[in-house]
Each structure stands twice: as C-alpha cells, then as structure tokens.
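The values are calculated or read from the model by the stated rules, or taken from the named source; none is laboratory data. Just so it is clear, the model here is predicted, and its values are computed rather than measured. Positions of Cβ are backbone-derived with ideal geometry, glycine not excepted, and every protein chain shown enters the neighbour counts. When the accessible area is computed, the model is the full protein with side chains, heavy atoms only, and any ligands, DNA or RNA have been set aside. Shrake-Rupley method; radii C 1.70, N 1.55, O 1.52, S 1.80 Å.
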Amino acid sequence: MQLMWGYAPPLILEAAIRHRIFDVLDNGAKTVEEVEEATGASARGLTAVMNALVGLDFLSKDTLARYALTPESAAFLVSSKPSFQGGMILHCSEQLIPKWLRLNEIVATGRPAEAVNQERVGGDFFHKFVEDIFPMSYGSAQKLAGVLDLDGSGQPVSVLDLATGSGVWGIALAQRSQRVRVRAVDWPEVIPVTRKTVARLGLMKRFQFVAGDLLTADFGCNHAVATLGHILHSEGEERSRALLRRTFGALGPGGTIAVAEFLVNDERTEPLTGLLFAVNMLVNTDNGDTYSFREISAWLGEAGFVNMRTLEAPGPSPLILATKP
Ligand SMILES: C[S@@+](CC[C@H](N)C(=O)[O-])C[C@H]1O[C@@H](n2cnc3c(N)ncnc32)[C@H](O)[C@@H]1O
C-alpha cells in the first residue's frame, strides 16, 4: 500500500516548492494561515500538502499546529540555498511523469515515449532542464576539482566539458584555478543556457563554446581533463563507446577523463536509484541504460585509457576517473 502511492511524494514536493512552502518556513515556524498569507495558495491545499509533508519527514508540526522545516528540508528544499536539490523535482509534473504514464505501452514495444537523446526532442528538453540540475553535480564537480592538479604545472590547463548543460563541471574546475580554460560542448539549443550560467558567474573569458553533436563536434586537442557529466546513460552503449574513443583522441598524454553516472552493480540488483534510472532511460531514450563500473571501465580500456578508478563524491554515485597514457 505504501508503494501504491509512490507517485505522490514527488508531486507533493513539487507543489510545495512551486508554492514556496519551504521558502516561507525558512525564517521560522508558521501556521497554515500564515503560510496562506505569505504564498497566496489556498488554506485547503496547503493543509493537505503540509500534513503529508509532515508524514514524509520534510516538515514537523508542534502542538500549536505550527509547521517547521526539518534539517533535511532546510538543507535541500529552500530554493535560495546553493544546496537546493529540488531542481529535478520541478520537472516531475510536466516533463517526467507524463511520459512515465505510458510505461505499460513502452514495456510492450521497447520504444520510448520520447527520445531525448535525439536533438529534435532533447534540445528543448535539456534547455529547460539543465540549469535546475546544476546543484546535483556541483559538489561532485568541486570534489573533482580538488583532486586534479590544476595549478601544479603553472601552465594553462585545458578542460573539455562534454554535454556541458549548465556548465557545472567546467565551472567548478574554472573556479578552482585561474589557469583553467574550458571548451564546453552541447547542442545548439542548450549552449545559450551554458553561456548564461557561465556569464552569471563571471567566467566568460575562460570559456569557449562549441555547439554540435557529441559524435561530430570539434573537440579540439591536447586537453588535460575531459568531463562527461551524466551523458553516457542517454547515449546507450554503442554511442558511449564511440564518445569515449573520441574523448581519448582529444586528450593529451597524461590527461584525465572523469565520468559521472547513476551506476549499478555488476548483477544489476542495486542501488535502487540506478535501477529506477534505467527505467527512466527506457521511457526517455532509444537505447539508454545505467551501467556498472566494470562496463564503463571496459569501454574506457577499449578506447585506450588506463588506471580506471572511482572517486567518492557527493552525487548519486562515485565518479569514474581514468588516464590517457
Ligand atoms: C543530463 S544533462 C547533463 C548536463 C551536465 N553535464 C550535468 O552533469 O549537469 C545531458 C546534457 O547532454 C546534452 N546532450 C545530450 N545528447 C547530446 C548529443 N548527442 N550531443 C550534444 N549534447 C548532447 C544535453 O543537451 C544536456 O545538456
């Protein structure tokens, strides 16, 4: 019965974020009437949703019926905080769930509801999406920046940020060291979003933007670092292997590749997030899936990389790193 209502929590969270419930509770506990006054939403709607959020441990309620944030919602659901993780949730009702509603038919045919791996559909999809998922990867990107030798040589460090989206990976590396220069690649429809984020953070002089498909765009050469943030899962195995080969060619000797993914174990029995995300790829892509460290390592090895390793990072999975000899 708990799973029967499994679709409700993300929709409740989305409604709460859109009606600024977490934002207005950030400066102290409030009654429904006070939240109604601050948000303009209906008392009936707020009461139902806020009580459900208490049941979900995202709010607490005291004996005077005042609602307050819990440590988790205070950390991750207040939209003004850099640690806000509600970005993906905001896309549930319009971009994600409508396609999942066709899962019965998708399982029968093996064909997605929409193929966001194709530019015609994906350009618009990711244009709306990538800024909101910036915080999902920012912590991991900062962790990566901390372990790479970005200042050591004293020379400029060239970073190739593939499927750049918001630019989060290149941005965190550029923020870490003045020596970093980033070549950011994505579809033409998404590059304006990358430019916007990079400009907001004052990094335009350090970025070059390349609009094109990952299997044909000009990657340049001799990069010290290449980042592939959450792209292999939508590309599927064949295109991922081709992409890793192209990336190998674009790195200089000693260069590092960093791959961020929703990983699964070799047996595909856990973790649940990776298994669920594989269904999301069934629903949204032609050939996408989630992969194990062993599978991605084998593709990296086939492309010529050595020393495949993981780096624990504050994201959905550890990062995978490898070196071009
Ligand atoms: C899930 S987003 C990840 C964005 C960013 N790397 C991050 O980790 O937040 C995937 C990105 O890949 C881009 N993308 C997907 N397929 C592509 C392709 N064939 N060619 C170029 N860009 C592509 C999308 O436009 C989107 O910006």
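Brief remarks follow.
- Sites Y7 and A217, calculated FRET efficiency, Cβ-Cβ separation with R0 41 Å, nearest 0.05: 0.60
- Phi angles across the range 226-232 convert, under the Karplus curve 6.51 cos²θ - 1.76 cosθ + 1.60 with θ = phi - 60°, into 3J(HN,Hα) values of 10, 10, 10, x, 6, 10, 4 Hz, Gly and Pro given as x.
- Taking a point 7 Å out from the Cα of D26 in the direction of its Cβ, the residues of the range 52-88 whose backbone N falls within less than 17 Å of it are 59, 68-88.
- Seen through its C-alpha gyration tensor, with square-root eigenvalues sorted a ≥ b ≥ c, the range 121-161 comes out oblate because a/c lies at 1.5 or above while a/b is not bigger than b/c.
- Counting heavy atoms of the protein chains alone, M88 has an accessible area of about 60 Å² for a 1.4 Å probe.
- DSSP assigns beta bridges within the chain; of those with both partners inside it, close to 35 percent run antiparallel.
- Estimated inter-spin distance, N307 and W100, nm [label 7 Å along Cα→Cβ]: 4.1
- Size of the range 239-301: Rg and Dmax of its alpha carbons, in Å, are 13.2, 39.
- Helix 43-55 vs. the chain, principal-axis angle (Cα, 0 to 90°, nearest 10): 60
- Three principal axis extents of the chain based on alpha-carbon atoms, in descending order, are 65, 50, 33 Å.
- Computed accessible area, H127, all protein chains, 1.4 angstrom probe, square angstrom: 80
- Point-to-point label distance, R200-T47, nm (Cα→Cβ direction, 7 Å offset): 3.7
- Protein accessible area in the chain, 1.4 Å probe - carbon and sulfur %: 55
- Number of Lys-Lys pairs in the chain with C-alpha atoms under 23 Å apart and a separation of 8 or more places or on different chains: 10.
- Label point at E189 placed 7 Å out along Cα→Cβ; residues across the range 96-136 whose backbone nitrogen lies under 14 Å: 114-130
- When only Cα pairs below 8 angstrom with a gap of at least 6 residues are kept, the chain shows a relative contact order of 14 percent.
- Charge dipole (debye, nearest 20) of the range 263-316; +1 at Cβ of Lys and Arg, -1 at Cβ of Asp and Glu: 120
- Largest to smallest accessible area among D124, D218, D149 [probe 1.4 Å]: D149, D218, D124
- To the nearest 10, the accessible area of Y291 is 10 Å² with a 1.4 Å probe.
- For the range 169-325: rounded, prolate or oblate by the Cα gyration tensor [a/c cutoff 1.5]: prolate
- Shape category assigned to the range 166-252 from the gyration tensor of Cα positions, a/c cut at 1.5: prolate
- Per residue accessible area in Å² of the chain, where ligands, DNA and RNA are left out and the probe is 1.4 Å: 47
- The chain: calculated mean residue ellipticity at 222 nm from DSSP helix runs of at least 4, using -39500 (n - 2.57): -13000 deg cm²/dmol
- Distance from the C-alpha centroid of the range 233-285 to that of the range 139-154: 22 Å, rounded to the whole angstrom.
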